[in-house]
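Shown next, in structure tokens, is the structure this report addresses.
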Amino acid sequence: MPRLGKMERELLRGAVSKPATVVYPATKRGLNIPKGLRGRWEYAEPAKCTGCKICERVCPSGAIEMIECRPEDVKTKTGYRPICHFDRCTLCNQCVESCPRNVLRLTGEFEMAYLSREDMVIY
Amino acid sequence: MTSTEKRVVIPPRVSIPIGPQHPALKEPGMFKLTIEGEYIVDAEVNIGYNHRGVEKLAESNTHIQNLYLLARICGICSATHNGNYAQAVEFAAEVEIPERAKYIRTLIWELDRIHSHILWLGVAFHEVGFDTAFMYTWRDREVVMDMLESISGNRVHHDMNTVGGVRRNVPDELVPRLLRGLDRLEERMKYYRDVVIYEKTFWDRVAGVGILETDVAKRTGAVGPTARGSNVPVDVRFNDPTQAYIPMMDTGDFEMVLSDRCDVAGRSVVRVVETLQAIDMCRWLLQNMPDGPIRERVRPRIQPNEVLARHEAPRGELIHYLVTNGTDKPERIKVRAPTHANWVSMAHTLRGNYLADAPIILAAIDPCYSCTDRVVIVDAEDDTMELVPLDVMRVRANKWYKMHPRREE
């Protein structure tokens, strides 16, 4: 019987084992999402925010913009609050780290496809 | 033909451009091969399609922002650029970072090396048409990708380093999981080492292909596994260790991996054995990691200084030359990525081989086009090679356009 070379056993084992890939949109089981994943940006605790603009200054990609607080927002000390243009965000986590009052957070959410840029502005 | 005269057939010289978009490699790079029949007699490497102006952009960013910008020079070795820049800024500021931060930084570098080498192995299998092994290696690469993701929170851009240390700790409850992952990787890598050496499908395609002699490798300044596959002992981890490589090398357990085969097979063996060594290094780092803080506060304004930071990236020696001027922004940052140093030797390596072997020879230096932004010009007439920086290119281009105006006015 002709031999298949060094990979013979591996190939035969592969023929009967279950697939290594995950049928992703149908199921999320087996994706192994770790706890500290850097995902979608979130303005987590508006009540703590002072509007100090440090996050805007440190952002390496210019994704964070400080806007004047709208009527529905929690009023900050300086009257400004951050919003994130998520199309520019590189998920580096620097804004979260630099924030002196732990206002911002990167959540574990990783499904971040949108149809337009307007949808990607996170308030 | 009834003539009895002996006919000498000289095949015509044909110039074949491979690229910029080509089937062999996934990044833009143009190789102009002059061939006679099936033999490559001359090769010209044209790169620079990926010039993005990162160095200029870095001059207008703060050091902290540059960490993320430089990590994005290259997707595969992002940890090396990120860590080496952090190291350069620390050298300039003359601060010492905590011991634990050094160990974590080195751990990420070594995990990055494992994933980069396994990735290369898969690509090499793919280039020689052995796609089965390509898929199996990439399946097992997921083990190390998951490890990196669980430490740093991102699969590709780990961004673990900051000026003065690292940003995330490696929690103690993660260590057993990492060790288990390393055990699995070691078992798989030992198997792939056997596949590389004993599987004829691969070995027969790479043995004796793409010869790079030791003296040529030295003369053309090859670095990394390309040089070590030609028996040139250059490895910054051993020659000029920094961070946690210093205590690691003091143990004397690790030796530089060299091969005297000088061909693509030699480079493959060096990479595979180096992966096994990197797994051992990771294990050593996890077992000997000291407790303590992981970062030191460094003031954003860095004193005027001029430093050169070196690190052994998966592809070879990476150099960051940094000039600081007392502000929080760099005066000048120059990145010499390892692929850039390997182009010259590759132009030599291509000559005298078959055209069908060109993809694997190109892939054998593990090229990373994003890292390179200059041009190597090889002259077909007198065998000279010339490194042309972009500003010289610009001057030449201006001159040429002046002599050849596009439209008559």
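The values are calculated or read from the model by the stated rules, or taken from the named source; none is laboratory data. Because the structure is a prediction, the values reported are computed rather than measured. Ideal geometry is used to build each Cβ from the backbone, glycine not excepted, and the neighbour counts take in all protein chains shown.
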Pick from the range A:1-57 the residues that are touching a Lys or Arg at 6+ places or on another chain (Cβ under 8 Å) and within 11 Å of chain B (Cβ to nearest Cβ): which of them is surrounded by the most Cβ atoms within 10 Å (Cβ to Cβ)? A:GLY36
Hits in the range B:192-240 (condition: within 14 Å of chain A (Cβ to nearest Cβ) and over 28 Å from B:TRP138 (Cα atoms)): none
Please count how many residues of the range B:15-36 are touching a Leu at 6+ places or on another chain (Cβ under 9 Å) and at pLDDT 80 or above. 7
Yes or no: the range B:138-161 includes at least one residue that is within 12 Å of chain A (Cβ to nearest Cβ), of a type in the set (A, V, I, L, M), out of contact with any Pro (no Cβ under 7 Å at 6 or more places or on another chain) and not in a helix (DSSP H, G or I). yes
If I filter the range A:79-118 down to residues being among the aliphatic types (A, V, I, L, M) and free of Cβ contacts under 8 Å to residues at least 40 places away in the same chain, which single residue comes out as nearest to the other protein chains (Cβ to nearest Cβ)? A:VAL96
Per the filter on the range B:49-92, residues crowded, with 20+ Cβ neighbours inside 10 Å and small (Gly, Ala, Ser) are B:ALA58, B:ALA71, B:SER78, B:ALA79, B:GLY83, B:ALA86, B:ALA88, B:ALA92
Collect the residues in the range B:157-181 that are aliphatic (A, V, I, L, M) and out of contact with any Asp or Glu (no Cβ under 9 Å at 6 or more places or on another chain), keeping them in residue-number order. B:MET160, B:VAL166, B:VAL170, B:LEU174, B:VAL175, B:LEU178, B:LEU179
Within the range B:323-364, the residues that are assigned to a strand (DSSP E or B) and farther than 22 Å from B:HIS311 by Cα are B:TYR354
